[in-house]
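Here's the structure we're looking at; comments come further down.
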Amino acid sequence: MTQLDLCRETPKNPTACALLLPFPIARRRKLILKTVSTILARKTTEGQQSYWTNTINKLGAELRRYGADQAEVDRQLQAFYFAVSAELSRATHQQPGGAA
């Protein structure tokens, strides 16, 4: 069995190549929850910002290793930002005992 060649030459685009991401980062639930819990555990705004910056830099580097161009990296990181923001909002506005 041979591996499928996703990079092929076509008449319109001589270097058409598919980008395969193992899983979009905004859908990585465990990563989102870990990021939120770590941000909330940081005592200072500077610590929170430092952790966030490091996380985003690592994820961007991971996406570039998979072959994503800068536009795709930006889209993925923006979606991750919205997912983390939504989870932070849920975590900080949740009533004790689960009542809404």
**OP:** Sort out which residues of the range 67-86 are surrounded by fewer than 13 Cβ atoms within 10 Å (Cβ to Cβ) and closer than 13 Å to Pro24 by Cβ, and write them in order of number.
**Re:** Gln78, Phe82
Subject >> Index of the failed condition, Leu19 passing every other in (1) in contact with an Asp or Glu (Cβ under 7 Å, 6 or more places away or on another chain); (2) modelled with pLDDT of 95 or more >> reply: (2)
Original post:
Taking the range 52-65, which residues are loosely packed, with under 13 Cβ neighbours inside 10 Å and more than 11 Å from Ile25 (Cβ to Cβ)?
Top reply: Thr53, Asn54, Asn57, Ala61, Arg65
Subject >> the range 57-78 residues that are in contact (Cβ under 8 Å) with a residue 40 or more places away in the chain, paired with ones that are exposed (fewer than 13 other Cβ atoms within 10 Å of the Cβ) and of a type outside the set (Gly, Ala, Ser) (beta carbon under 6 Å, 6 or more apart) >> reply: Gly67/Leu19; Ala68/Leu19
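The values are calculated or read from the model by the stated rules, or taken from the named source; none is laboratory data. Quick caveat: nothing in here was measured; it's all calculated off a predicted structure. Counting neighbours? That spans all protein chains shown, and the Cβs are built from the backbone with ideal geometry, glycine included.
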